[in-house]
Amino acid sequence: MDVLYKVLVDPFLQMGGAPDLFVQTLWEGFVVGTLYALIALGFVLIFKASGVFNFAQGIMVVFAALTLVGLYEKGVPAYAALLLAIGAMFLIALGTERLVLRPLVNQPDIILFMATFGLTYVLIGLGELIFGGSPKVMIADQLLLPKGDITFQAFGGIVQLQKIDIAAAVIASLMIAALAVFFQKTRIGRALRAVADSHKAALSVGISLNQIWVIVWFTAGVVALVTGIMWGARSEVSFALQIIALKALPVLILGGFTSIPGAIVGGLIIGLGEKLGEFYWGGLVGGGIESWLAYMIALIFLLFRPQGLFGERIIERI
Amino acid sequence: MKRHLIMAGAALLVAASFAPAPAAAQDSIYVPLMTYRTGPYAGSGIPIADGMRDYLTMLNERDGGIGGVKLTVEECETGYDTKKGVECYEQIKGKNPVMNNPYSTGVTLQLIPRAAVDKIPILSMAYGLSAAAVGDTFPWVFNPPVTYWDGASVFVEHVAQKEGGLDKLKGKKIGLVYLDVPYGKEPIPLLEALSKRYGFELKLYPVAAQEMQNQGSQWLNIRRDRPDWIYLQGWGAMNPTAVKEATKIGFKMDHMVGVWWAGSDDDARGGGMEAKGYKSLNFHGYGPNFPVLQDIKKYVVDTGKSQFPKEKFGENLYNRGVYNAMLIAEAIRAAQKVTGKKVVNGEDTRKGLEALNITEARLKEMGMEGFAAPLNLACSDHSGHNKVYILEWNGTKWQKSTDWTSPMKDVVRPLLEAAAKDYVEKNAGWPKRSEACAKAS
């Protein structure tokens, strides 16, 4: 009975008793949720274009952020370093298309998936060779990202919003919206959807598969750079960041691998769910439940919608 | 003919791949270093690896090795991954190593049962299993100069001093923010015992390794619980994230103390001026202004034999590596003295470690006066339970903020002995010590 009370009643009493903390938790969940959505978007774009789960997305986040900070440390002005980092992500996209994807056209998806494993280790090695393994401080001030916080009395207490978190949420939201419009409303977006449906059919109507792949991998690279900047500013820029990128996996399971709205909604559900879960229920089992709670939430959704919230229902004749 | 040549070549290749690894040359001493220069924890692993390697290289360059015998130093990359660490051990053990430096509590725990079997001592310098300080139970494992339990007791002493005495701890709330792996959990039993003894409330905030850069929830919990003090037992990217999160919620930074592994320059640097006041335990000198560091600069850094960035020379974790390498070297030196041999092996070095007695005079001779406290190990005491001091971040660098402080040995030692006994009970068949004591305890 006591356990039931602690699980079903007490957390809600706590929410009502300290609404400021409840709002703060919601805010934290919203910020990480948007960042998760951004990371998931990188995966979705590549999955839509090439039908492959890009295992290298995590290291792309690290590589992009390291390029930015590494160039700045070598004396390149911050915004020039930003442009060069974008350029580096374009080169990676081009290299991936020429050296990895093009030779593997029409190979089974698992081959492409394994190729992204290889790409991961190439980028890890390249990153360590060029920039070393030491952590770096993100150049948030030089990029004119805001710092400090906005604190106000509300909900019977104090609510504190970090300006960098506000910036992260705004930039991530704008980027997600822009990408959603780009891929839904433009010619390239329609071409991407055609490629996602069938490589052969897309080729037959004159869509350049190679061009689409470069565009999509480049876009995923820019998404990785933005993620690296925002998460690097919250912590540090190091190879540990690639672990964070894997938090997109439950988001993808939940939202569906092919849906941009799914990535957004999935990111927010996972972000809010894990923060609320850890804060109000984590203490019951000793805390530290976030790492698996995200998967639990995704699995619960899968019980009811096996294709994910926005995934395509695949009906196969047997 | 061509076919035969190809077949012969292939046979040679196969034969070579099954041939035993070449043992280290008999005129050198093989010193393996398990390090991590890659992966999520590389930021912490690199300065330590470079500090160890540079000190041992300096001994080779300046003194021609130890006792006239050159050291063959070889690194094995573990990525701070227990599985890879055990693989490294398998590669190392056949090469007649003088000891193992696992540089991971997880790897250390795996290797403890093998040390006695393979006759290769483990030097887990200020990490690993705290109970291994009980030499009568763990004759092959050494954790000088201080255990995690000693460190946690110094933290509690520091809190007591700031609060006005041990009796003032009653009713206080102390939080432990820790990496949720064996390393992070190590101080919990000691802090629980001290919380019962002094009446403070202990709050635990585990951080999963996957979430070390995503600690928002833990710090929300801290904001709700309002602990008076925080002890940070983190590693890698977890530490700078924790420091930043603490500044974000406005936690009093001078009430947050990290274990020595949460005291890298990079840990505090990211927090900048806002992290001013953050503290860390430490047991060796900080900065390059020690004769030993100047010798490393002269013989290794200035001659281009070091991989470490010159601008970071003398930073805290680099010096940690230097200290660790000094213990390795002094154990070899002591082993040579105890056994009378020049080229020593694992069994000899175990005796050397038990006979280790680094006096003030010896520290001065090594250029380490003021860099470290004297250390005296014994057959029953494999830690030394040495003094530590506290560093404080001034916004740009660490500064020494307290004198050397002794741990609560009277409290810690009986608990360690009980823990060692418990370890034996849980590991049926744990061998009774049969190794003779090279020095009276």
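The values are calculated or read from the model by the stated rules, or taken from the named source; none is laboratory data. Here the structure is a predicted model, which means the values were calculated and not measured. As a convention, Cβ positions derive from the backbone with ideal geometry for all residues, glycine included, and neighbour counts pool all protein chains shown. Accessible surface is based on the protein model in full, side chains and every heavy atom, while ligands, DNA and RNA are left aside. Shrake-Rupley method; radii C 1.70, N 1.55, O 1.52, S 1.80 Å.
Only residues that are within 21 Å of B:G314 (Cβ to Cβ) and either in contact with a His (Cβ under 7 Å, 6 or more places away or on another chain) or open to solvent by less than 10 Å² (accessible area, probe 1.4 Å) (or both) were counted in the range B:29-65, giving 15. Can you tell me which of A:W231, A:W213 is surrounded by 22 or more Cβ atoms within 10 Å (Cβ to Cβ) and within 14 Å of chain B (Cβ to nearest Cβ)? Unique residue meeting the criteria: A:W231. In a residue-by-residue description of the range B:409-427, the property of being outside the structural domain of B:M273 (by TED's automatic domain parsing) and assigned to a loop (DSSP other than H, G, I, E, B) applies to at least one position. When the range A:238-287 is filtered for residues that are at pLDDT below 85 and touching a Lys or Arg at 6+ places or on another chain (Cβ under 7 Å), only A:T258 remains. Residues that are over 15 Å from the mean Cα position of the chain (by Cα), in contact (Cβ under 8 Å) with a residue 12 or more places away in the chain and either loosely packed, with under 15 Cβ neighbours inside 10 Å or more than 12 Å from chain B (Cβ to nearest Cβ) (or both) occur at least once in the range A:165-173. When you look at A:G58, is it within 14 Å of chain B (Cβ to nearest Cβ) and on the phi > 0 side of the Ramachandran plot, yes or no? For A:G58, the condition - within 14 Å of chain B (Cβ to nearest Cβ) and on the phi > 0 side of the Ramachandran plot - is not met. Checked against (1) open to solvent by less than 30 Å² (accessible area, probe 1.4 Å); (2) away from chain B (no Cβ under 14 Å); (3) at pLDDT 90 or above, A:A154 meets all criteria but (3).
Screening the range A:243-264 for residues that are open to solvent by 40 Å² or more (accessible area, probe 1.4 Å) and under 26 Å from A:G70 (Cα atoms) and picking the one that is nearest to the other protein chains (Cβ to nearest Cβ) gives A:I243. Scanning the range A:265-308 for residues that are closer than 23 Å to A:L45 by Cα, open to solvent by less than 10 Å² (accessible area, probe 1.4 Å), without any contact (Cβ under 8 Å) to a residue 60 or more places away in the chain and within 12 Å of chain B (Cβ to nearest Cβ) turns up just one, A:A294. In this structure, does B:D225 turn out to be more than 7 Å from chain A (Cβ to nearest Cβ) and over 27 Å from B:L317 (Cβ atoms)? Judged against the criteria, B:D225 is a match. In summary, B:G263 fulfils each of the numbered conditions (1) small (G, A, S); (2) out of contact with any helix residue (DSSP H, G or I) (no Cβ under 6 Å at 6 or more places or on another chain); (3) more than 14 Å from chain A (Cβ to nearest Cβ) with the single exception of condition (2). Restricting the first member to the range A:179-199 and to residues that are free of Cβ contacts under 8 Å to residues at least 24 places away in the same chain, and the second to residues that are among the β-branched types (V, I, T) and in a helix (DSSP H, G or I), the beta-carbon pairs closer than 6 Å and six or more apart or on different chains are A:A191/A:I212. Against the conditions (1) assigned to a helix (DSSP H, G or I); (2) touching a strand residue (DSSP E or B) at 6+ places or on another chain (Cβ under 8 Å), B:V338 satisfies every one except (2). Only one entry in B:G429, B:G370 is within 20 Å of the chain's Cα centre (by Cα), exposed (fewer than 14 other Cβ atoms within 10 Å of the Cβ), farther than 24 Å from B:P187 by Cα and at pLDDT below 95, namely B:G370.
Yes or no: the range B:246-264 includes at least one residue that is in contact with a Gly (Cβ under 6 Å, 6 or more places away or on another chain), of a type in the set (D, E, K, R) and open to solvent by 30 Å² or more (accessible area, probe 1.4 Å). Taking every residue of the range B:246-264 in turn, at least one turns out to be in contact with a Gly (Cβ under 6 Å, 6 or more places away or on another chain), of a type in the set (D, E, K, R) and open to solvent by 30 Å² or more (accessible area, probe 1.4 Å). For the range A:91-141, the tally of residues that are of a type in the set (G, A, S) and not in a loop (DSSP other than H, G, I, E, B) stands at 6. Within the range A:208-256, restricting attention to residues that are of a type in the set (F, W, Y) and in contact with an Asp or Glu (Cβ under 9 Å, 6 or more places away or on another chain), the residue that is farthest from B:A42 (Cα to Cα) is A:W213. Within the range B:384-406, the residues that satisfy the criterion of being in contact with a strand residue (DSSP E or B) (Cβ under 7 Å, 6 or more places away or on another chain), at negative phi and part of a loop (DSSP other than H, G, I, E, B) are B:N386, B:K387, B:S401, B:T402, B:D403, B:W404. Scanning the range B:99-116 for residues that are more than 12 Å from B:P32 (Cβ to Cβ) and not in a helix (DSSP H, G or I) returns a single hit, B:S104. I'd like the full set of residues that are touching a strand residue (DSSP E or B) at 6+ places or on another chain (Cβ under 8 Å), in a helix (DSSP H, G or I) and facing another protein chain (nearest Cβ under 8 Å), limited to the range B:186-220. B:A209, B:Q218 - these are the residues of the range B:186-220 that are touching a strand residue (DSSP E or B) at 6+ places or on another chain (Cβ under 8 Å), in a helix (DSSP H, G or I) and facing another protein chain (nearest Cβ under 8 Å). With respect to the stated conditions, A:T186 fails to be within 14 Å of another protein chain (Cβ to nearest Cβ) and among the β-branched types (V, I, T).
Counting just the residues of the range B:127-144 that are touching a Phe, Trp or Tyr at 6+ places or on another chain (Cβ under 6 Å) and aliphatic (A, V, I, L, M), which one comes out nearest to B:K185 (Cα to Cα)? Top of the filtered list is B:A131. Within the range B:228-245, the set of residues being more than 9 Å from chain A (Cβ to nearest Cβ) and open to solvent by 20 Å² or more (accessible area, probe 1.4 Å) comprises B:D228 only. Here the helices (runs of 4 or more DSSP H) wholly within the range A:205-281 that include at least 1 residues being of a type in the set (D, E) and under 30 Å from A:G16 (Cβ atoms) are A:260-276. With respect to being touching a Phe, Trp or Tyr at 6+ places or on another chain (Cβ under 9 Å), within 14 Å of chain B (Cβ to nearest Cβ) and either buried (at least 24 other Cβ atoms within 10 Å of the Cβ) or at pLDDT below 90 (or both), A:L35 fits the description. Annotation note: of B:V159, B:V177, the sole residue that is in contact with a Leu (Cβ under 6 Å, 6 or more places away or on another chain) and not small (G, A, S) is B:V177.
Screening the range B:318-335 for residues that are touching a Pro at 6+ places or on another chain (Cβ under 9 Å) and either of a type outside the set (A, V, I, L, M, F, W, C) or outside any helix (DSSP H, G or I) (or both) and picking the one that is surrounded by the fewest Cβ atoms within 10 Å (Cβ to Cβ) gives B:Y323. Can you report the number of residues in the range A:79-101 which are open to solvent by 80 Å² or more (accessible area, probe 1.4 Å) and not aliphatic (A, V, I, L, M)? The qualifying residues number 3.
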